[in-house]
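Let me begin by presenting the structure, written as structure tokens, before commenting on it.
Read-outs: derived from the displayed coordinates by stated rules, not from any lab. None of the values given here were measured: they were computed from a predicted structure. Every residue, glycine among them, receives a Cβ derived from its backbone with ideal geometry; neighbour counts consider all protein chains shown.
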Amino acid sequence: MTRLKLVLALCVAWIGAAHAAQTGPQGFALHKEPRAVANVRFVTEDGTRMDIEAFRGKVILVNVWATWCVPCREEMPTLDALQAELGSDRFEVVALSIDRAGRQTVRRFFDEIGLKYLRMYVDKTMLSATALRTIGLPTTLLINAEGQELGRLVGPAEWDDPEMVSFLRSFIE
């Protein structure tokens with residue numbers, strides 16, 4: 001019986017270590033292999049139509065959110081700070097609002113809380129939430145320069161936390 005307990009303990013330790021290797025800060029879940037991403041469509045603040053493919057060649061952090069989602073509202077300043085720190089021609093935070101009320105509502109929210117660095121992207125059809133397989137808001141996907149999902153975090157996070165910034169920087173460099 002002692003040998004069985006030892007084998008079970010080793011199995012639990014191995015599974016735990018394998019799981020830990022696939023988890024980033026604040027519960028960010030990394031996939032074992034990159035996954036295909038639906039080419040969702042949305043509009044920019046001026047109404048220009050865009051899609052995820054437009055970001056090919058740069059690492060993006062797609063945050064699916066809405067102004068009526070309290071946790072989303074609370075994390076937006078940290079996403080703005082992350083964009084201020086890491087935003088470049090190699091990385092962008094894509095804050096994708098699924099507000100049915102559209103661009104005007106999102107612009108009012110951006111102004112209300114003083115967002116300065118995030119660009120505004122809106123899908124008032126909400127189809128992107130389904131296509132990206134979100135199960136709650138906010139949901140954030142890390143997508144590599146080849147357009148593949150590397151991992152995701154469901155729920156709010158402190159995106160400007162030094163550990164999170166370092167974690168994300170490792171995918172950009």
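Determine, for Val122, Val59, the number of other Cβ atoms within 10 Å of each Cβ, and report the residues in order from fewest to most.
Val59, Val122
Under 19 Å from a label point 7 Å along Cα→Cβ of Glu163: give me every residue in the range 77-107 with its amide N that close.
78-79, 82
Say each of Ala54 and Tyr117 gets a label point 7 Å from the Cα, pointing the same way as Cα to Cβ; how far apart are those two points in nm?
Between Ala54 and Tyr117, the simple spin-label model gives 2.1 nm.
Using the Karplus curve 6.51 cos²θ - 1.76 cosθ + 1.60 with θ = phi - 60°, work out ³J(HN,Hα) for each residue of the range 111-119 in order, rounded to whole Hz, and write x for Gly and Pro.
Values, residue by residue: 5, 4, 9, x, 5, 10, 10, 7, 8 Hz.
Of Thr130, Leu142, Ile172, which is farthest along the charge dipole of the chain in the positive direction, counting Lys and Arg as +1 and Asp and Glu as -1 at C-beta?
Thr130
Sticking with the crude label model, points 7 Å out along Cα→Cβ, report the distance from Gln148 to Glu45 in nm, one decimal please.
Spacing of the two 7 Å Cα→Cβ label points: 3.4 nm.
When the Kirkwood radius is taken over all Cα pairs of the chain, what Stokes-Einstein diffusion coefficient follows at 20 °C and 1.002 mPa s, in µm²/s?
For the chosen part, D equals 126 µm²/s.
Tabulate in residue order the Karplus-calculated ³J(HN,Hα) for the range 29-43, using 6.51 cos²θ - 1.76 cosθ + 1.60 with θ = phi - 60°, rounded to whole Hz; enter x for Gly and Pro.
The phi angles translate into 8, 8, 7, 5, 10, x, 10, 5, 10, 5, 7, 6, 10, 7, 10 Hz.
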